[in-house]
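This report refers to the structure that appears directly beneath it.
The values are calculated or read from the model by the stated rules, or taken from the named source; none is laboratory data. Since the structure is predicted, the reported quantities are computational estimates derived from the model, not experimental observations. For neighbour counting, all protein chains shown are included, and Cβ atoms are generated from backbone atoms with ideal geometry for every residue, glycine included.
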């Protein structure tokens with residue numbers, strides 16, 4: 001089990017901004033999966049996470065679409081626009097929690113952040 005967090009690298013976000021966006025995605029994914037068997041298994045496994053790079057909005061949307069078509073849960077994060085990026089900008093997404101092998105089908109070619 002794992003949760004993949006995919007962050008756009010083309011926005012020039014600072015480390016703190018990236019951390020906040022990844023946290024938004026992780027919380028959204030957890031809340032969306034609460035009560036389901038995948039969530040419980042992921043929690044019992046220690047909540048494994050991996051943070052990966054997407055090169056653009058199109059790349060991130062393509063990955064999210066691939067994940068949805070594969071039956072994986074996806075949560076997209078749109079920024080509120082209070083600091084470094086414009087309101088509504090899609091900054092990252094969470095894929096999972098789900099079986100690691102299922103997530104890897106979509107994310108195996110992505111670089112670690």
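Which number in (1) out of contact with any helix residue (DSSP H, G or I) (no Cβ under 8 Å at 6 or more places or on another chain); (2) within 19 Å of residue 100 (Cα to Cα); (3) in contact (Cβ under 8 Å) with a residue 24 or more places away in the chain marks the one condition that residue 49 misses?
Residue 49 satisfies every listed condition except (1).
What's the number of the only condition in (1) surrounded by 12 or more Cβ atoms within 10 Å (Cβ to Cβ); (2) under 24 Å from residue 35 (Cβ atoms); (3) without any contact (Cβ under 8 Å) to a residue 40 or more places away in the chain that residue 77 fails to meet?
Here residue 77 meets the rest and fails (3).
Against the condition free of Cβ contacts under 8 Å to residues at least 60 places away in the same chain, part of a helix (DSSP H, G or I) and more than 14 Å from residue 113 (Cα to Cα), how does residue 25 come out, does it pass?
no
Filter region 77-107 down to the residues that are farther than 14 Å from residue 49 by Cα and assigned to a loop (DSSP other than H, G, I, E, B) and list them by number.
79, 80, 81, 82, 83, 84, 85, 86, 87, 88, 89, listed by residue number.
In this structure, does residue 19 turn out to be assigned to a helix (DSSP H, G or I) and either buried (at least 20 other Cβ atoms within 10 Å of the Cβ) or at pLDDT below 95 (or both)?
no
Note down all Cβ pairs under 9 Å where the first residue falls in region 1-16 and is free of Cβ contacts under 8 Å to residues at least 60 places away in the same chain, the second is crowded, with 23+ Cβ neighbours inside 10 Å and not in a loop (DSSP other than H, G, I, E, B), and they're at least six residues apart or on different chains.
10/54
Do you know which residues across region 30-74 are surrounded by 14 or more Cβ atoms within 10 Å (Cβ to Cβ), under 13 Å from the mean Cα position of the chain (by Cα) and part of a loop (DSSP other than H, G, I, E, B)?
72, 73
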